[in-house]
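The values are calculated or read from the model by the stated rules, or taken from the named source; none is laboratory data. Note that the coordinates shown come from a computational prediction; the quantities given were computed from them, not determined experimentally. Every residue, glycine as well, gets a Cβ built from its backbone with ideal geometry; the counts of neighbours run over all protein chains shown. For the accessible areas, the whole protein counts, side chains as well, though only heavy atoms, and no ligand, DNA or RNA atoms are used. Shrake-Rupley method; radii C 1.70, N 1.55, O 1.52, S 1.80 Å.
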Amino acid sequence: MMEEKKVTGTLQEDMAYFNGVLDAEKNFDIIYRVVQIGGKDACMYLIDGFCKDDLVQKLLQYFMDLTSDKMPEDMDGLSRQFTPYVEVDVEEKCDAVIQSLLSGMFVLLLDGYEKALLIDSRTYPSRGVEEPEKDKTLRGSKDGFVETLVSNTALVRRRIRSTDLCMEMLNAGKSSRTDVVLCYMRGRADEKFLEEIRRKIQNINVDSLTMNQESLAECLYQRKWYNPFPKFKYTERPDAASAQVLEGNIVILVDNSPSAMILPATIFDVVEEADDYYFPPVTGTYLRITRFLITLLTYLVTPTFLLLINNSRWIPESFSFIMLKEEPNLPLIWQFLVLELAIDGLKLAAINTPNMLSTPLSVMAALVLGEFSVNSGWFSSEVMLYMAFVAIANYTQSNYELGYALKFLRIITLLLTQWFGLWGYIGGNLIALLSICCNRTVSHKSYIYPLVPFDWKNLKNRLIRRRLPGALQEGGKSSQGAVEFRDSSIS
């Protein structure tokens, strides 16, 4: 086995190696400069745009003022005695030095010193921690995760001031070397599951995490392609991620990604939102149950309507108003399928529409796809009404993967209902039920816990927003002692 290349202590040889590997003559943003420090030749390396210029200037000025009689014998001595900075390290392996440099660190080589000095003076281009567009709440904090990993870990640390909070740094991708942080509470997270996730990340054999979290998710869990229900919960809210950490879950933060991955995640975790806890128990319970019911209706309303219209004799007299007022020119099943496709087309158009054109295009789309499409005879007004409800109701829960999972199952149920009538409707619902019940979380536990295995205490907490524990007694002590946290990873 070839021995790993190390810093030799001969500056010309070390510079030749680093310049060759980094191709420093071609890469304009890789800056290196030869200077004199304490009577010795030295070379500094940095990535333009990653280092704080004023800090590097002060450090360089301090080093260049050193005299030969003050110089220590090795780089460890220079690090301890003459480097006025907090985040400092020394490294002898060339690959580790290059990796640190490409991550944004300031590297200093000295002639006669067989180690490199690493100074973490990194600063990354980043936006402000404003409220995320997707995970908005009516109350609560208005900060959100950004693309800078250190800022995201600081947002979690700010909320959990405990020595049990662990932020474990890993890397994934041969070329990208993407930073991945495992965030968990020591003593609350499942150690066996934590070790499994750590091992999987360390053994990921890909060139790069091209799509950040989605690439990592596909490497961590080889899901069955025919089961579309999400195995991970994503959030852009630091308060939601911190709450999940305190409950014993594992949160994964990926550099360049403004959201956190929460695992393991059951179906109850996926549909849960922060607003449930920012309102009093009665209001939080109402919002939670409403979201459950509306999510269920988005799946059932169009197949049920199709079944009743195809079997009009089953419609009670009191509900006769749901019957079509006019004979459709296009079969209902085709109307539903075309509108399912059209709604996704509108979503894609809305994403790519410039802000200055969004209002006029929205008005035009409402007229063309609303009134004109009905008057032209392509669609029935009743079908437009129910599909409009489905399109809007999908946004009552923020998880996109769950919305599309219900959409795929809804299309399957529509087709089966059209082909096989009542038995097709029942079969479609069974397929949806089995897709949820036979699913497993990333930790290989039940996807519908606490229904299976049944745990009434946890199920009640999932359905009903209860008061948070910790009522005060005299002297400010809690009458309930330590806060009890829900462990959603138990099977």
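For the range 290-329, the candidate set comprises residues that are part of a loop (DSSP other than H, G, I, E, B) and among the acidic types (Asp, Glu); within that set, the residue that is modelled with the lowest pLDDT is Glu326. Contact map, the range 341-369: residues that are part of a loop (DSSP other than H, G, I, E, B) paired with residues that are modelled with pLDDT under 75, Cβ distance under 7 Å, separation 6+ or inter-chain. Pairs shown: Thr353/Leu361.
In this structure, does Ala16 turn out to be open to solvent by less than 20 Å² (accessible area, probe 1.4 Å) and either touching a strand residue (DSSP E or B) at 6+ places or on another chain (Cβ under 8 Å) or modelled with pLDDT of 90 or more (or both)? No: the conditions fail for Ala16. Just one of the numbered conditions (1) in contact (Cβ under 8 Å) with a residue 24 or more places away in the chain; (2) open to solvent by 20 Å² or more (accessible area, probe 1.4 Å); (3) not in a helix (DSSP H, G or I) is not true of Leu182: (2).
When the range 412-432 is filtered for residues that are aliphatic (A, V, I, L, M) and buried (at least 18 other Cβ atoms within 10 Å of the Cβ), the ones remaining, listed by number, are Leu414, Leu416, Ala432.
Considering the range 143-161, the residues that are touching a helix residue (DSSP H, G or I) at 6+ places or on another chain (Cβ under 6 Å) and part of a helix (DSSP H, G or I) include one that is most open to solvent (accessible area, probe 1.4 Å), namely Arg159.
Just a yes or no: is a residue in the range 80-96 in contact with a strand residue (DSSP E or B) (Cβ under 8 Å, 6 or more places away or on another chain), part of a helix (DSSP H, G or I) and touching a residue at least 12 places away in the same chain (Cβ under 8 Å)? Within the range 80-96, one or more residues are in contact with a strand residue (DSSP E or B) (Cβ under 8 Å, 6 or more places away or on another chain), part of a helix (DSSP H, G or I) and touching a residue at least 12 places away in the same chain (Cβ under 8 Å).
Among residues of the range 376-389 that are open to solvent by less than 70 Å² (accessible area, probe 1.4 Å), those with a beta-carbon under 6 Å from a residue that is among the polar types (S, T, N, Q) and not in a helix (DSSP H, G or I) at least six positions away or on a different chain give the pairs Gly377/Asn329. Consider the range 203-219 and keep the residues that are surrounded by fewer than 18 Cβ atoms within 10 Å (Cβ to Cβ) and under 19 Å from Phe232 (Cα atoms). The one that is nearest to the chain's Cα centre (by Cα) is Glu214. Exactly one residue among Gly128, Gly140 is assigned to a loop (DSSP other than H, G, I, E, B) and either modelled with pLDDT of 90 or more or on the phi > 0 side of the Ramachandran plot (or both), and that residue is Gly140. For the range 168-179, a residue qualifies if it is within 13 Å of Val150 (Cα to Cα) and either among the small types (Gly, Ala, Ser) or open to solvent by 60 Å² or more (accessible area, probe 1.4 Å) (or both), and exactly one does: Met169. When Asp76, Asp41 are screened for being touching a residue at least 24 places away in the same chain (Cβ under 8 Å), part of a strand (DSSP E or B) and closer than 16 Å to Leu110 by Cα, only Asp41 passes.
Whether a residue is in contact with a Ser or Thr (Cβ under 6 Å, 6 or more places away or on another chain) and of a type outside the set (S, T, N, Q) was assessed, and Ala172 passes this test. Considering the conditions (1) of a type outside the set (Phe, Trp, Tyr); (2) open to solvent by less than 80 Å² (accessible area, probe 1.4 Å); (3) at pLDDT below 90; (4) farther than 30 Å from Ile309 by Cβ, Ile448 is excluded by exactly one of them, (3). For the range 187-199, the criterion of a residue being farther than 25 Å from Glu401 by Cα and modelled with pLDDT under 90 is satisfied by no position. Residue by residue through the range 240-289, note down the ones that are open to solvent by 20 Å² or more (accessible area, probe 1.4 Å), assigned to a helix (DSSP H, G or I) and farther than 24 Å from Ser151 by Cβ. Matches in the range 240-289: Ile267, Phe268, Asp275, Pro281, Val282, Thr283, Thr285, Tyr286, Leu287, Ile289. Counting only residues that are under 16 Å from Met64 (Cβ atoms) and in contact (Cβ under 8 Å) with a residue 24 or more places away in the chain, the range 12-38 holds 4 of them.
Considering the conditions (1) touching a helix residue (DSSP H, G or I) at 6+ places or on another chain (Cβ under 6 Å); (2) within 23 Å of Ala391 (Cβ to Cβ), Ile289 is excluded by exactly one of them, (1).
Just so you know, in the range 37-62 the residues that are within 19 Å of Thr10 (Cα to Cα) and touching a Ser or Thr at 6+ places or on another chain (Cβ under 9 Å) include one that is least open to solvent (accessible area, probe 1.4 Å), and it is Gly38.
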